[in-house]
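This report refers to the structure that appears directly beneath it.
Readers should treat all values here as calculations from the given coordinates under stated rules, not as data from a laboratory. Everything numeric in this text was worked out from a predicted model, so none of it was measured. Here the Cβ positions follow ideal geometry from the backbone for every residue, glycine too, while neighbour counts run over all protein chains shown.
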Amino acid sequence: MEGPLGDYTRVSDEAAILCRRKDFPRAVNVLQRRRSERRRWRHAFRLVTVLGDRALDGARRSWMEGALREVVAQVADTQLQRELVVEARAAQVRFDLGAVLPGWTGRSLWRLADSLEIPMQYVALVTSLPAALTVPLDTAQVVLDFRRTAEAHRVVAAQLGATLPPWAQFQEAKGALDPALKQRLNTVRAQHEASRRWRAFAGRLLGPTDA
């Protein structure tokens with residue numbers, strides 16, 4: 001069954017037109033009818049969810065929330081399904097999209113942090129943790145906080161790296177690098193490694209819990 005613009009249109013374009021008309025039922029139908037994937041469909045879902053959250057209230061809002069929860073539940077790709085919920089949280093969407101994310105607790109997070117050699121005191125600096133180890137975490141928010149931390153380390157690495165001369169690694173390999181430059185180069189590497197580890201930490205939170 002074709003939508004108002006036909007299946008030959010981009011799903012993101014079709015969803016955007018329907019949202020501008022505030023025709024959210026048809027916008028949800030577009031999401032249900034078109035194949036979910038990680039680019040345009042994902043963008044269309046985010047658009048419909050964010051604009052619907054801002055525009056609707058009362059019975060129409062309740063219907064929209066249930067319909068979007070069904071859309072998420074029907075996504076076959078588990079990783080995409082979970083990313084949809086995280087992205088909705090990043091956009092401060094208030095819809096309940098269902099219990100899609102793994103149920104981490106402070107205890108299971110601590111075990112994972114130990115396995116990744118990330119001190120728990122660092123974790124507590126970048127995200128909010130419940131007082132009791134057995135209390136469920138707000139997994140979506142923790143993932144966002146860890147990704148934000150990874151990006152901050154990446155930016156620092158890029159900024160410091162821009163101050164290094166292009167021949168720094170070559171001189172290091174020859175054993176002729178100035179000590180001050182060597183220290184800066186090591187700092188860049190440490191920042192890249194920190195970025196990688198925090199991003200890996202966030203990725204593990206979207207997989208099975210280490211109960």
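So here's what we get for this one:
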{"item": "Dipole in debye (nearest 20) - the chain, about Cα centre, beta carbon charges: Lys, Arg +1; Asp, Glu -1", "result": "360"}
{"item": "FRET efficiency for ALA152 and GLU117, using Cβ-Cβ distance with R0 set to 25 Å, rounded to 0.05", "result": "0.85"}
{"item": "Ordering of 43-54, 123-134, 184-195 by packing [mean C-beta count within 10 Å, highest first]", "result": "43-54, 184-195, 123-134"}
{"item": "Residue among GLN141, GLN92, GLN81 with the largest mean-square fluctuation in a Gaussian network model of the chain, springs linking Cα atoms under 10 Å", "result": "GLN92"}
{"item": "FRET efficiency for LYS22 and LYS174, using Cβ-Cβ distance with R0 set to 45 Å, rounded to 0.05", "result": "0.10"}
{"item": "Cβ-based net charge around THR127, under 11 Å, with every Lys or Arg adding one and every Asp or Glu removing one", "result": "0"}
{"item": "Relative contact order, percent, the stretch 11-90 [alpha-carbon distance under 8 Å, six or more residues apart]", "result": "31"}
{"item": "For the stretch 46-110 versus the stretch 164-211, the gap between their alpha-carbon centres in whole angstrom", "result": "35"}
{"item": "Contact order relative to length of the stretch 132-196, as percent, for alpha carbon pairs under 8 angstrom and 6 or more apart", "result": "47"}
{"item": "Proximal charge balance of ASN186 [Cβ under 13 Å; K/R count +1, D/E count -1]", "result": "0"}
{"item": "Potential lengthening between ARG39 and ARG10 on full extension [0.36 nm per residue; Cα-Cα distance subtracted]", "result": "9.4 nm"}
{"item": "Mean Cα-pair separation over length for the chain, i.e. relative contact order, pairs under 8 Å, 6 or more apart, %", "result": "18"}
{"item": "Helical mean residue ellipticity (222 nm; -39500 (n - 2.57) per DSSP H run of 4+; nearest 500) of the chain", "result": "-21000 deg cm²/dmol"}
{"item": "Chain lengthening between THR134 and ARG61 when straightened (0.36 nm per residue, less Cα-Cα)", "result": "23.0 nm"}
{"item": "Which labelled figure in [x] -0.58, -0.94, -1.19; [y] -0.68, -0.96, -1.15; [z] -0.56, -1.05, -1.45 is log10 I(q)/I(0) by the Debye sum over Cα atoms at q = 0.11, 0.15, 0.18 Å⁻¹, once derived from the coordinates", "result": "[y]"}
